[in-house]
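**Student:** Structure incoming, see below.
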Protein chains: 2
Amino acid sequence: MGTIKAALLGFGTVGQGVYEAVRSHRQQLKARLGAEVEIVAVLIKNPYKKRDVGRSVLVTTDFEEILAIPGLEVVFEAIVGEEPGFSYCMKAIEKGCHVITANKVMFAKYGEILLEHAKAHGVYVGYEATTAGGVPVIRTIAHQLQVNDIQRVQAILNGTSNFILTEMREKHLPFEEALAIAQQHGYAEADPGNDIEGKDAFCKLMILSRLVFGGQPDWKEVEVEGINALTLADVEKAEKKGLRYKHIADVYRYGDTLKASVKPVLVPPEHALYAIEGVNNAVTIYGSLIGKITLAGPGAGKFPTASAMIEDLAGGYRRIPQMNAI
Amino acid sequence: MGTIKAALLGFGTVGQGVYEAVRSHRQQLKARLGAEVEIVAVLIKNPYKKRDVGRSVLVTTDFEEILAIPGLEVVFEAIVGEEPGFSYCMKAIEKGCHVITANKVMFAKYGEILLEHAKAHGVYVGYEATTAGGVPVIRTIAHQLQVNDIQRVQAILNGTSNFILTEMREKHLPFEEALAIAQQHGYAEADPGNDIEGKDAFCKLMILSRLVFGGQPDWKEVEVEGINALTLADVEKAEKKGLRYKHIADVYRYGDTLKASVKPVLVPPEHALYAIEGVNNAVTIYGSLIGKITLAGPGAGKFPTASAMIEDLAGGYRRIPQMNAI
């Protein structure tokens, strides 16, 4: 029984979560994978910041150093943005490493290329952590809904936006104050643009679209609207009518094309996403046999996202010989 | 590319759903399994009832006739009750058939034996359809949550009870009238005892317990209470306080033992099961890394249950060579 050597690209909240979770769940990983998982290297940006990692761990700003590690098998990519994440993932695949990514901006654009590249090199690319945080929507759709024709996916994919809308309604706060609370809680970035303008949810929706429908709608045709135009008055008016604004990402088949939108939608209590509150995410899937099912849970956060990455490794790693055989 | 020969035990609502779904999703099954699935035989109880099946399908009351079919590969078991379901499944396994069951009463008691027997004979036993109807909770827990330590499962597992509670609250109906509506809709049996007394939810909870914790609590120690003692006054009193009665099946680790209960519980709006309405089921899983996730959807019905059985075949069939290798 050997050791599975893994490297971590990025050591922000998610990267640190993976590092800690691999250590705290060492026994469970060993039981599942038949080998211990060891994080042997961490790629960082700022070499002057102190990192809380074991002495034997290589901490470097140079990705080539990581690629050169003999016997490296797994790369966890937890960098933000298209580049250098994409190039690093491509190189890791070429080196024969399995790649587990949480990078939604990169994967929305380059997912197809990465998956093709991985197939050609006989390795696994897991992207569960890109979408809906800890909720295992990607692999549930991929493995548990293989026969159903999926007609539509409707989802709450940005925890920050959902948290802000919940705060506005429950505490009668104006948008700016609710946003400030989200930032205090660490949900929203200092620059919350991607969250509140709908770009983050858009990327996740495009990832779901490729998985469910085998393609994406023309990005320019997708209506993307954030929650930043909603006022407290809007939210209160809706509440009086028994409705709620939810920031909903929606993609469905329309004849031979795909239609998608990401925007605030007024929903009634019987809507599956009405009761999804706070930083939770939820994905509703409409299938030809199953009807409508909804998966909900924490849409972000250190350990939920780490959970998605580690479960992805445990589930995917095993499946590789089978994947290649198909 | 050959044909996968399958037999159907039982031709009630679920059995008919599987029969129709296999036909309507022929292409999807072929794409996933590399072979067409054909229902070649149906086991019935009443030989005088007309059955809407193809001419080439063997319709029989004699299980031995089905077992004797050359090259039979899959048995869908959709009979109600411990026997003869259990004996039939054991014999099918011995004959080398994969078994996909929807029989919760049987599987709650004999699941462990069936799974062991299947392992010994190199076949797959799928039981997704026993629990939470179409919602893929069994395989999500089995395959998507392999690293997380699951500490607790709380669930709404009986659609009829949940429907009755929803009707009572929304329409201010007494229990008996809500039950009558459930029966008119075909949700509750003529003898609704198993549903409203909590026995159905108990069986499903025991199935989840074995899966999640590798065992079941002592059945005699589990508090099982149905919704039949709840009055409209109880429901209305709760509503005034902003609470709802939900019939909750709950199992969790307590030291070295397992504790479980199945009973009406008052829950506040922030509870994950508060908003689960009508005939829906939902399962909330508490994991060490993931936090709390909830899977919700139709808890019963012809096509949701058929969906669970067919997806189980598609997912499990592929996995068999790998399962045996482990």
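**Student:** Tell me, what HN-Hα J-couplings in whole Hz come from the Karplus equation 6.51 cos²θ - 1.76 cosθ + 1.60 at θ = phi - 60° for each residue of the stretch B:293-303, using x for Gly and Pro?
**Tutor:** Couplings: 10, 10, 10, 9, x, x, x, 6, x, 3, 7 Hz.
**Student:** Hey, what number do you get for chain B at 222 nm if only DSSP H runs of n ≥ 4 count, each worth -39500 (n - 2.57), divided across all residues, to the nearest 500?
**Tutor:** -12000 deg cm²/dmol
**Student:** Which one, A:Thr257, A:Val235, A:Ala178, projects farthest toward the positive side of the charge dipole computed for the stretch A:171-268 from Cβ point charges (K/R +1, D/E -1)?
**Tutor:** Of the listed residues, the answer is A:Thr257.
**Student:** Could you calculate the contour length gain from A:Glu116 to A:Lys171, that is, 0.36 nm times the residue separation minus the distance between their Cα atoms, to one decimal place in nm?
**Tutor:** Full-extension gain reported as 15.0 nm.
**Student:** Now for a separate question. Describe numerically, in nm with one decimal, the distance between label points set 7 Å from Cα along Cα→Cβ at B:Glu94 and at A:Lys95.
**Tutor:** In this crude spin-label approximation the distance works out to 5.6 nm.
**Student:** Also: Along the stretch B:72-78, what does the Karplus equation 6.51 cos²θ - 1.76 cosθ + 1.60 (θ = phi - 60°) give for ³J(HN,Hα), rounded to whole Hz, x for Gly and Pro?
**Tutor:** 5, 10, 10, 10, 8, 9, 10
**Student:** Still on this model: Sorted from shortest, what are the nm distances separating the label point of A:Ile113 from equivalent points in the other copies, each placed 7 Å from Cα along Cα to C-beta?
**Tutor:** When each copy's label point is compared with this one, the spacings are 5.8 nm.
**Student:** Once the mean 1/r over all distinct Cα pairs of the protein assembly as shown is inverted, what Kirkwood radius in angstroms do you read off?
**Tutor:** 25.8 Å
**Student:** Under a no-solvent Debye model with one identical scatterer per Cα of the stretch A:104-181, what's log10 I(q)/I(0) at q = 0.13, 0.28 Å⁻¹?
**Tutor:** Those come out to -0.61, -1.27, one per q.
**Student:** While we're here: Given Cβ point charges of +1 (Lys, Arg) and -1 (Asp, Glu) and nothing else, what value in debye, to the nearest 20, does the dipole of chain B about its Cα centre take?
**Tutor:** 780 debye
**Student:** While we're looking at this one, here's another question. Can you sort B:Ser24, A:Ser56, A:Ser209, A:Ser307 by how many other beta carbons sit within 10 Å, fewest first?
**Tutor:** On the way: B:Ser24 14, A:Ser56 9, A:Ser209 21, A:Ser307 33.
Lowest to highest Cβ neighbour count: A:Ser56, B:Ser24, A:Ser209, A:Ser307.
**Student:** Separate question: Nearest 0.05, what FRET efficiency do A:Leu266 and A:Arg51 give at R0 = 56 Å with Cβ-Cβ as r?
**Tutor:** The calculated FRET efficiency here is 0.75.
**Student:** Could you compute the net charge surrounding B:Gly2? Neighbours are other residues with a C-beta less than 13 Å from the C-beta of B:Gly2; K and R count +1, D and E count -1.
**Tutor:** -1
**Student:** For the pair B:Glu83 and A:Arg26, how long in nm is the line joining their label points, each one 7 Å along Cα→Cβ?
**Tutor:** Placing both labels 7 Å along Cα→Cβ, they lie 5.2 nm apart.
**Student:** Output wanted: per-residue J couplings in Hz (rounded whole) for the stretch B:127-143, from phi through Karplus 6.51 cos²θ - 1.76 cosθ + 1.60, θ = phi - 60°, x for Gly and Pro.
**Tutor:** Working through the residues one at a time gives 9, 3, 6, 6, 10, 6, x, x, 5, x, 6, 5, 6, 5, 5, 5, 10 Hz.
**Student:** If you don't mind, there's one more thing I want to ask. Using only alpha carbon positions, build the gyration tensor of chain A, then give the equivalent ellipsoid semi-axes as the square roots of 5 times its eigenvalues, largest first, whole angstrom. Could the numbers behind the result be given before it?
**Tutor:** On the way: eigenvalues 235, 110, 57 Å².
The answer is 34, 23, 17 Å, longest axis first.
**Student:** If you don't mind, there's one more thing I want to ask. Under the rule of at least 5 residues apart or a separate chain, name every residue whose amide H is placed under 5 Å from the amide H of B:Ala300.
**Tutor:** B:Gly134
**Student:** May I pose another question? What does the charge add up to near A:Met90, with Lys and Arg as +1, Asp and Glu as -1, over the other residues with Cβ less than 14 Å from its Cβ?
**Tutor:** On the way: positive: A:Lys91, A:Lys95, A:Lys109, A:Lys119; negative: A:Glu64, A:Glu77, A:Glu82, A:Glu83, A:Glu94, A:Glu112, A:Glu116.
My count for the surroundings of A:Met90 gives -3.
**Student:** I would also like to ask the following. In units of 2.2 N^0.38 Å, what is the alpha-carbon radius of gyration of the stretch A:18-108?
**Tutor:** Rounded to two decimals, the normalised Rg is 1.11.
**Student:** Around A:Ile79, which amide H atoms from residues at least 5 apart in sequence, or from another chain, sit under 5 Å from its own amide H, with H modelled in the peptide plane?
**Tutor:** A:Ala102
**Student:** List the residues, sorted by chain then number, that are 5 or more residues from A:Leu58 or on another chain and whose placed amide H is less than 5 Å from its amide H.
**Tutor:** Amide H neighbours of A:Leu58, under 5 Å, 5+ apart: A:Ala41, A:Val42.
**Student:** Taking the rotation axis that maps chain A onto chain B, which residue of A brings its Cβ closest to that axis, and at what distance in whole Å?
**Tutor:** Measuring from each Cβ to the axis, the minimum is at A:Ala275, 2.
**Student:** Across every pair of different alpha-carbon atoms, what Kirkwood hydrodynamic radius in Å does the stretch A:140-299 reach?
**Tutor:** So the Kirkwood estimate lands at 16.0 Å.
**Student:** If you don't mind, there's one more thing I want to ask. Restricting the count to DSSP beta bridges whose residues both fall in the protein assembly as shown, what percent are antiparallel, rounded to a multiple of 5?
**Tutor:** Antiparallel: roughly 55 percent of the beta bridges in the protein assembly as shown.
**Student:** For peptide A:279-289, what's the mean number of Cβ atoms from other chains within 10 Å of each residue's Cβ? Show your work: numbers first, answer last.
**Tutor:** On the way: counts 0, 5, 1, 3, 0, 2, 1, 0, 6, 6, 17.
Shielding by partners across A:279-289 averages 4.
**Student:** What does the convex hull of the Cα atoms come to per residue for the stretch B:219-271, in Å³?
**Tutor:** Normalising the Cα hull of the stretch B:219-271 by residue number yields 80 Å³.
**Student:** Still on this structure, I have one more. For the pairs A:Lys30/B:Lys119; A:Lys199/A:Lys263; A:Lys204/A:Lys246; B:Lys30/B:Lys119; A:Lys292/B:Lys204; A:Lys204/A:Lys263, flag any whose C-alpha to C-alpha distance is greater than 19 Å.
**Tutor:** A:Lys30/B:Lys119; B:Lys30/B:Lys119; A:Lys292/B:Lys204
None of the figures in this text is laboratory data; all of them are computed from the coordinates on show. Computed from a prediction, not measured in an experiment: that's the story for all the values here. Because the Cβ atoms are built from the backbone with ideal geometry, glycine has one as well, and the counts that use them run over all protein chains shown.
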